[in-house]
Amino acid sequence: MRTFRMIGVGLAAATTMVLVQAPTASAATWRTFYAQESVRIREKPTKSSTALGLVPKKAAAKALMSGGSVKTYQGGTHNACGSKGSIQHNQWDKIQYKGITGYVPHPCMLPFKP
């Protein structure tokens, strides 16, 4: 917040004007989640995308949030972390783990330690 003094003529010899900076776009919110099982971090939300790293089972990582929920991205189908067999999911979470930012299948990250 900045304060400026304006010197006027007449009855108000000096007036104080306070300028308040408008809020900027909110910064991304990240929350801790835990890997349900070891999972590869992908460059893009597809299982054929380049693997950037691995989040070990039970390891903590930060997931991008939006409006109080994990922000999910539509991408390639997968059958990871509880979606085994014929069930195919196409939702992915954007995470940060040990300096790596990428995508993991949505069912793989839990809000509690498994």
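Nothing in this text is a laboratory measurement; each read-out follows from the coordinates by a stated rule. On a predicted model such as this, the values are computed, not experimentally measured, just so you know. Don't worry about glycine lacking a Cβ; one is built from the backbone with ideal geometry, like all the others, and counts go over all protein chains shown.
Report the gain in length on full extension from Phe112 to Met65: 0.36 nm times residue separation, minus Cα-Cα distance, nm rounded to one decimal. Could you put the intermediate results ahead of the total?
Values: separation 47, 0.36 × 47 = 16.92 nm, distance 1.55 nm.
The Phe112-Met65 span can extend by a further 15.4 nm.
Summing +1 for each Lys or Arg and -1 for each Asp or Glu, what net charge is found among the other residues whose Cβ lies under 15 Å from the Cβ of Thr46? Could the numbers behind the result be given before it?
Working: positive: Arg40, Arg42, Lys44, Lys47, Lys94; negative: Glu43, Asp93.
Neighbourhood net charge equals +3.
By how many nm would the segment from Thr29 to Leu52 lengthen if fully extended, with 0.36 nm per residue of separation less the alpha-carbon distance? The partial results should precede the final answer.
On the way: separation 23, 0.36 × 23 = 8.28 nm, distance 2.19 nm.
Residue separation times 0.36 nm, minus the Cα-Cα distance, leaves 6.1 nm.
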